[in-house]
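The values are calculated or read from the model by the stated rules, or taken from the named source; none is laboratory data. In this text, all values refer to a predicted model and were calculated from it rather than measured experimentally. With ideal geometry, Cβ positions are generated from the backbone for all residues, glycine too; neighbour counts draw on all protein chains shown.
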Amino acid sequence: MPDPILKITGLEVAVDNTPILKGVDLEVPQGEVHALMGPNGSGKSTLAYALAGHPRYEITGGSVLFGGEDLAEMAADERAQKGLFLAMQYPVEVPGVSVMNFLRTAVNASRGEEIPVREFAKLFKEKSALLQFDPSFSDRYLNEGFSGGEKKRHEILQMALLEPKFAILDETDSGLDVDALRIVSEGVNAQRGPDLGCLIITHYTRILRYITPDVVHVMFEGRIAQTGGPELAEHLEDKGYVEFGSHEPANAPN
Amino acid sequence: MADAPAWAAEARTTATANLDALPVLTGMEEEWRFTPPADLAMTGPEPSGAGATGTVVLPATEGRSARLAFTDGVPAPAEIIDLPDGVIVSELGQALIDHESLVRPRLYSLAGFDDRPGALNAAHWDAGTFVYVPRGVHLTLPVETVLTATGATGRVFGRTLIIVEEGAKATVVDRYVSPDLDGPVQASSVVEMFVAEGGELEHVSYIGWGSGMRHHATIRASTGKDARARSVNVTLGGDVVRVEPTMYCHGSGSDARALGMYFATGNQHFEHRVVSRHEAPQAYSNLLYKGAIQDTAHTVFFGNLVVPPGAPGTDAYQTNRNLILTEGARADTIPFLEIETAEVKCSHAGAVGRVDDEQVFYLMSRGVPELEAKHLIVYGFFQEVLDQISFGELRDELAAAARAKVR
């Protein structure tokens, strides 16, 4: 079995001094796709932000190793440069910054060298077609006026361009219609493999019909409550989170 | 400059006399408390010439209809590239003689010499430009003037007079550039622009000095009935810079906009005093200035919408936004209103804030280092102003100049 790309041990995280994660243990071997499910408020997104290095999410205990290196010591940009990617649930609007300018800056930063303009143009063309973006999309301002589906597809486009070692998809399925979910899932499936592992964070099982996980974890009240194979997702689809003390269903709401 | 005609010589004499007669500005005056005139080298002995590091390379004249360039006040031969019939682009000293009937009624009429900065400029300007666009003529490419200081003289004084006649259309760029200078050099500039009924003028002022420069800039625009004037001012260079644009809505239905961006770094000090005056009913004005401040730089924005009695239907807006990028940087914003007409729509807003943490995190999570992320956000923030510049090439150049400040 390959070394884990992500090894989380006893992780405790507080937001504005309120403890949210209370001892998370989670290991993802390189190249595997894991699903992290759980009802609202269980701490899934907190884990995502803490891993990506959002300054508001303070690691108060435990450890996170990424490719054997301590993530807690790194700022968000360094984590990204090491190959960690977070597809955000709510991508942030940055007025006046064009998609093209943003993507080129991000690619340069994560590679640590300037990508030649022609090479970037070719790469952009190829990957944006995969995610069904019109070329004029590159002139729009970052996430400004994007539909919900465009925002999520754009997150996956960034993942395709930045070629991370490991990606966390935080509720990428929320707010997507079936077509957008299919495009996003195909984008992820095209990239998954020995060089890219994923942690798919979701409340609902719907996206897991398109992206089959190797392992499914259930988070509840800031800890991993259960771990199993893909059948665990099917079980949650039927029963919801009732056995974890929540009455929320896990089958798709729309 | 050729010998000035008597009327112009007399104006200069009066301006010089006013300099002696006007009270010396101490910096204690309300209008001057943020930027003492001494810091602008407006008081005390004239600075002596300073040495310079490097030289200035002017951009190609490609994409211009004409260019006038002045080095330390001395004009280079005018480069007239492509001007339609009847359009005049001339050195202003020569225009006093050649085009008296056009120049005399207007020169000093928007910016006179009864205050100290006005008197200083009127008494000493030598690098002058006159632009005249006759009725109905559309000038498709910009006219550009370039004022360069090399440090060989202690002061550079420029003056621009622009007349856009009825239904005519033009773009004029005033560019102020120098290498980094070893000591202070005083710069003064006055731009007067007149847009007649239904005319349209876009004026871009780019203050791109190197270090050492102390610049007082006055920009005044008068819009006639249904005329449109747009002043875009970009302040990036110089040690101490004060820019005073005033938009006069002289005709009903006129549309006057003053847009600006500034990026102050190191120890720079910029003040912008931006005013619109509604002298006619049913006019529209919009003042929008955006700034970024870094290191120990300090910027000041004072804005004012003035609506005297008798200007119903005025529609006026004023916005100033500042982003503080690092500890120690400072911005003051003072949005002001003077409204003496009842039926008007006016709004004003001023804000000083930090770059949004969520935007910074989003960019950093894509591998972009923190300061670079902030700069990317700042350039995006400026884009709203840059988007108002019609000529893409100029827009790109100014965006690149802002980026080059922190490379």
**Prompt:** Restricting to strands (runs of 3 or more DSSP E) lying wholly in segment B:263-347: which have 3 or more residues that are among the polar types (S, T, N, Q)?
**Reply:** B:314-324
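Kindly indicate which of B:E197, B:E244 is assigned to a strand (DSSP E or B), surrounded by fewer than 24 Cβ atoms within 10 Å (Cβ to Cβ) and of a type in the set (D, E). I'd like the intermediate steps shown before the answer.
Details: B:E197 fails: assigned to a strand (DSSP E or B).
Being assigned to a strand (DSSP E or B), surrounded by fewer than 24 Cβ atoms within 10 Å (Cβ to Cβ) and of a type in the set (D, E) holds for just one of B:E197, B:E244, which is B:E244.
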**Message:** I'd like to check something: does segment A:195-207 contain any residue that is assigned to a helix (DSSP H, G or I) and under 15 Å from the mean Cα position of the chain (by Cα)?
**Reply:** yes
**Asked** Being at pLDDT 95 or above, among the basic types (K, R), crowded, with 20+ Cβ neighbours inside 10 Å and not in a loop (DSSP other than H, G, I, E, B), is that true of even one residue in segment B:151-172?
**Response** yes
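Against the condition at pLDDT 95 or above, surrounded by fewer than 18 Cβ atoms within 10 Å (Cβ to Cβ) and among the charged types (D, E, K, R), how does A:K44 come out, does it pass?
No; evaluated as a whole, the condition is false for this residue.
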**Fill in**
Among A:V64, A:V99, the single one that is buried (at least 17 other Cβ atoms within 10 Å of the Cβ), within 12 Å of chain B (Cβ to nearest Cβ) and of a type outside the set (D, E, K, R) is A:V99
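Could you check segment A:107-116 and list, in sequence order, the residues that are facing chain B (nearest Cβ under 8 Å) and in contact with a Leu (Cβ under 6 Å, 6 or more places away or on another chain)?
A:S110
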**Item:** Enumeration of residues in segment B:360-397 that are among the hydrophobic types (A, V, I, L, M, F, W, C), closer than 26 Å to B:T140 by Cα and within 9 Å of chain A (Cβ to nearest Cβ)
**Value:** B:F382, B:L386
**Request:** Among residues belonging to segment B:25-40 that are part of a loop (DSSP other than H, G, I, E, B) and in contact (Cβ under 8 Å) with a residue 24 or more places away in the chain, point out the one that is farthest from B:V243 (Cα to Cα).
**Result:** B:L25
**Item:** Breaking point among (1) within 18 Å of A:E114 (Cβ to Cβ); (2) in a helix (DSSP H, G or I); (3) at the interface with another protein chain (Cβ under 10 Å from one of its Cβ atoms); (4) of a type outside the set (S, T, N, Q), for B:A400
**Value:** (3)
**Prompt:** Based on what the data block shows, is A:A75 under 17 Å from A:T46 (Cα atoms), touching a helix residue (DSSP H, G or I) at 6+ places or on another chain (Cβ under 8 Å) and at the interface with chain B (Cβ under 8 Å from one of its Cβ atoms)?
**Reply:** yes
**Item:** Which listed residue is without any contact (Cβ under 8 Å) to a residue 24 or more places away in the chain and within 23 Å of the chain's Cα centre (by Cα), from B:D356, B:D387, B:D332
**Value:** B:D387
**Message:** Looking at A:G197, A:G229, A:G175, can you tell me which residue is touching a residue at least 12 places away in the same chain (Cβ under 8 Å) and within 26 Å of A:L123 (Cβ to Cβ)?
**Reply:** A:G197
**Asked** If we scan segment B:339-352, do we find a residue that is under 30 Å from A:H154 (Cα atoms), more than 12 Å from chain A (Cβ to nearest Cβ), among the hydrophobic types (A, V, I, L, M, F, W, C) and surrounded by fewer than 21 Cβ atoms within 10 Å (Cβ to Cβ)?
**Response** no
